[in-house]
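Structure, as structure tokens:
Please treat every number below as a calculation from the coordinates, not as lab data. What you are looking at is a predicted structure, and each value in this text was computed from that prediction instead of being measured. Don't worry about glycine lacking a Cβ; one is built from the backbone with ideal geometry, like all the others, and counts go over all protein chains shown.
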Amino acid sequence: MSTANLDPTLNTHGAHTAEHEEEDHRMFGFIVFLLSESVIFLSFFIGYTVYKTNITDWLPAGVEGLEVREPLINTIVLVSSSFVIYFAERFLRKENLWGFRAFWLLTMAMGSFFLYGQAVEWMGLPFGFTDGVFGGTFYLLTGFHGLHVMTGVLLQGIMLGRSFLPNNYAGGEFGVEATSLFWHFVDVIWIVLFILIYVWQ
Amino acid sequence: MSNASLEAIAAKSGQPFPGAPNNWQRFFTFSTDHKVIGIQYIVTAFVFFLIGGLLAMVMRGELITPEADLVDRTVYNALFTMHGTIMLFMWTFPVLNGLANYLVPLMIGARDMAFPRLNAAAFWLVPIFGTLLMVSFFIPGGPSQSGWWAYPPVSLQNPTGNLINGQVLWLLAVALSGVSSIMGAVNFVTTIFRMRAPGMGWFRMPAFCWTVLSAQIIQLVGLPALTAGAVMLLLDLTAGTSFFDPAKGGDPVLYQHFFWFYSHPAVYVIILPVFGFFSEIFPVYARKPLFGYKFVVVSSLIITILSAVVWVHHMYASGTPSWMRMLFMFSTMLISVPTGVKVFAWVATVWGGKLRLDTPMLFALGGLVCFLFAGITGVMLGAVPFDIHVNNTYFVVGHFHYVIYGATVMGVYAAIYHWFPKMTGRMYYEGLGKLHFALTFIGVNLNFFPMHPLGLMGMPRRVASYDPEFAYWNVIASLGGFLLGVSTLPFILNMISSWVLGKQAPANPWNAIGLEWLIPSPPPVENFEEIPIVVSGPYGYGSHEPLVANNPAGELISEHS
């Protein structure tokens, strides 16, 4: 083994303090966490698929199927918000704080609209959480995803508040990047969920 | 390059944060020092090991006679459930996390883990969910009785009708344990990927760090499946859903898939770091480089990958279609190839070496022997026709106790003795250590070997009473069990008295090669005064190549000690 084999991509900032290194690794750690989180959704999706293909009387008595129109509008809003948050992040990188705040707030509004639409849909449904495996999986999947959307909006609120602190967010910020990545994650999960639950009926 | 010898640096005060106590009291604080957290993990886990062991000895006391006379049958059900749960979730995972926490940053030349506060939070969840599980002994209806798998519909029974019952507390504890493990896994993976010292390329990393990485990747990818299953089971129990309740159209076998998709790989989460201990310890005490280093470390990753596709071998008798059984029989057999590579490499490492039979080496050799035996019975169990024959018998119990006690606990003991001088700055008493080894090795074989003939004769597991024809082997097993209980006494005595009164340990008492042996014992707070620059691979025994560029004290090991 050659002794000159010093890989330049390796960590070479040994002189930094432990606090400094923690800053550097947060994004990596967050991505690792998201990978793990996606496996929970994957497990639920696989469970849903197994149930759907194996259970003979899948829909509870008196239920014809799910209305697709409103959820589709919801989907379009949520997916678009992923682009909006991308522009917000670009504004922040160009150090245009007001542009960032405007687009960031728009993202939050779209996320809240999604949650509102979800709540309206839930209240109008003729079946509940305990109505068979169909009811259970429907509310479990949409509810667990909804919790993530809610978390995303809350995180966005914190980041928006922090943007008003003086001298904050100069040259990008881990919290903003992580929140934005989380938002894209929540979005992609919803697309799979929408296809599984609403499109595949 | 500095001219200051790392050896010459006096051990700085061990304060994990400014103003923290620099004595035993620091182990009771929310310390963010990975070394303090490591020892917190190890000691907490050992307390639970003793609790789980006491439960096991009550069970062996019950099984010493064929009748159910010592404890009630429902108590017996609770005993084996809690024994399994405590030993897996509160002893093996935490103790291995503790050792990895202590050793990985030292071995890769880092000052701490990537996220020290997350690390501390992950540890402090352990006493919390441990307490939660212990509380279930004192609530109406007692603890969960559905075994550590918690298969529905058995686990869905709720005879007391209370919302807070043993099964609910069990599920909450397991879920919290999962949260703690995920936090730990994110931390380990980030640390190993991002914080290696300059020059420590992947193939210069000690084998133990490779096994920790492989094990923690399993945690990241496998554990969420169990979390999903546990959430659904909890909802079935508390909110009235019917995911797993066959009476209401649910699918109990799906739970088994969720459970084993994580819980079989969990066995590799347990055994992989132990493989790492073997790979670290054999070269030191045989004075030879680890044979086939690259094969050994890559085989860890191959085990990680294969572990994701073997889980159904726990479900051969769950109405699994035969094509699926064939497929999983094949993948299960396949996993014996990378493990075989490792066993071969360890034997080749020891072969022809200048063996030094100190306590860590004895435990490592004993662990290797037990692992080999467990591996052979494991391949037997992987074969569908044989497994159907011994399904749910003591043969299975014997097999996994050889893995989990014979290989894992002995490997953990080996690691604790090997790194004890580094962690405490004191030497342990060799005589007590050897006594501990003798009692443990004899106890393991006396306790767990008889389970194999019992299983072949058809004795089912998880029963409080049995046919008198099984009495002979059961008496032997029970005596072995009590011996294992006794074996912890010299260990506890040794650890406590050595830590307080033992001889001062030098920086490198074993003449071992590794970054952790270049710094004082115990290591100062941020480990390395100057981050080492690694210039050669691990295990350079006999090569006289320096390990790091900035250690002017030169090679500290001598082959003629």
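Here are some notes:
- Exposure proxy for B:Y405, B:Y466: other Cβ atoms within 10 Å of each Cβ, ordered fewest to most, give B:Y466, B:Y405.
- Global geometry of region B:81-232, whether rounded, prolate or oblate, following the gyration tensor of its Cα atoms and the 1.5 cut on a/c: prolate
- The average projected area of region B:147-273, computed from the convex hull of its Cα atoms over all directions, is 8.4 nm².
- Cα-only Debye scattering, chain B: base-10 log of I(q)/I(0) at q = 0.08, 0.11 Å⁻¹: -0.52, -1.00
- Residue-averaged 222 nm ellipticity for chain B, from DSSP H runs of 4+ at -39500 (n - 2.57), nearest 500: -20000 deg cm²/dmol
- Student exercise, region B:39-518 dipole from Lys, Arg, Asp, Glu Cβ charges, in Debye to nearest 20: 1580
- Residue (of B:L70, B:P153, B:L368) at the positive-pole extreme of region B:39-518, dipole from beta-carbon charges: B:L368
- Rounded to the nearest 10 degrees, the inclination of helix B:322-334 to the longest alpha-carbon principal axis of chain B is 20 degrees.
- Taken about its Cα centre, the protein assembly as shown carries a charge dipole of about 1060 debye when Lys and Arg each add +1 at the Cβ and Asp and Glu each add -1 at the Cβ.
- Most positive-pole-ward Cα, B:G240, B:Q40, B:L254, against dipole of region B:39-518 from beta carbon charges: B:Q40
- Relative to the dominant Cα principal axis of chain A, helix A:69-93 is inclined by about 10°.
- With neighbour counts taken as other beta-carbon atoms within 10 Å, the residues B:D236, A:D57, B:D72 rank, fewest first, as A:D57, B:D72, B:D236.
- With all pairs of separate Cα atoms included, region B:422-500 yields a Kirkwood hydrodynamic radius of 14.4 Å.
- Cα long-axis angle, helix B:93-108 against chain B (0 to 90 degrees, to the nearest 10): 20
- Take the Cβ atoms of A:L181 and B:V347, set R0 to 51 Å, and the FRET efficiency comes out at 0.60.
- A cut-off of 5 Å between modelled amide H atoms, ignoring neighbours fewer than 5 places along the same chain, links B:T393 with B:R461.
- Hits among lysines - C-alpha to C-alpha of B:K288 under 21 Å, sequence gap 8 or more where chains match: B:K342, B:K354
- Rounded if a/c under 1.5, otherwise prolate or oblate - chain A, Cα gyration tensor axes: oblate
- Once C-alpha pairs closer than 8 Å and six or more residues apart are averaged by separation and normalised to the residue number of chain B, the relative contact order reads 19 percent.
- Other residues with beta-carbon under 13 Å from the beta-carbon of B:Y539 carry, at +1 per Lys or Arg and -1 per Asp or Glu, a net charge of +2.
- Share of alpha-carbon pairs per 20 Å distance bin for the protein assembly as shown, given as whole %: 15, 47, 32, 6, 0
- Estimated translational D of region A:148-193 in µm²/s (Stokes, Kirkwood radius over Cα pairs; 10 °C; 1.306 mPa s): 140
- Region B:436-561 - convex hull of the alpha-carbon atoms, volume per residue in Å³: 209
- 10 Å Cβ neighbours from other chains, averaged over peptide B:458-468: 0
- Measuring between their Cα centroids, region B:423-442 and region B:147-197 lie 33 Å from each other.
- Extension gain, B:V475 back to B:W499 (0.36 nm per residue minus Cα-Cα distance, nm): 4.9 nm
- Test item: Cα-centred dipole of region A:59-201, Lys/Arg +1 and Asp/Glu -1 on Cβ, debye: 480
- Near B:T74, once Lys and Arg are set to +1 and Asp and Glu to -1 for all other residues with Cβ below 15 Å from its Cβ, the sum equals -1.
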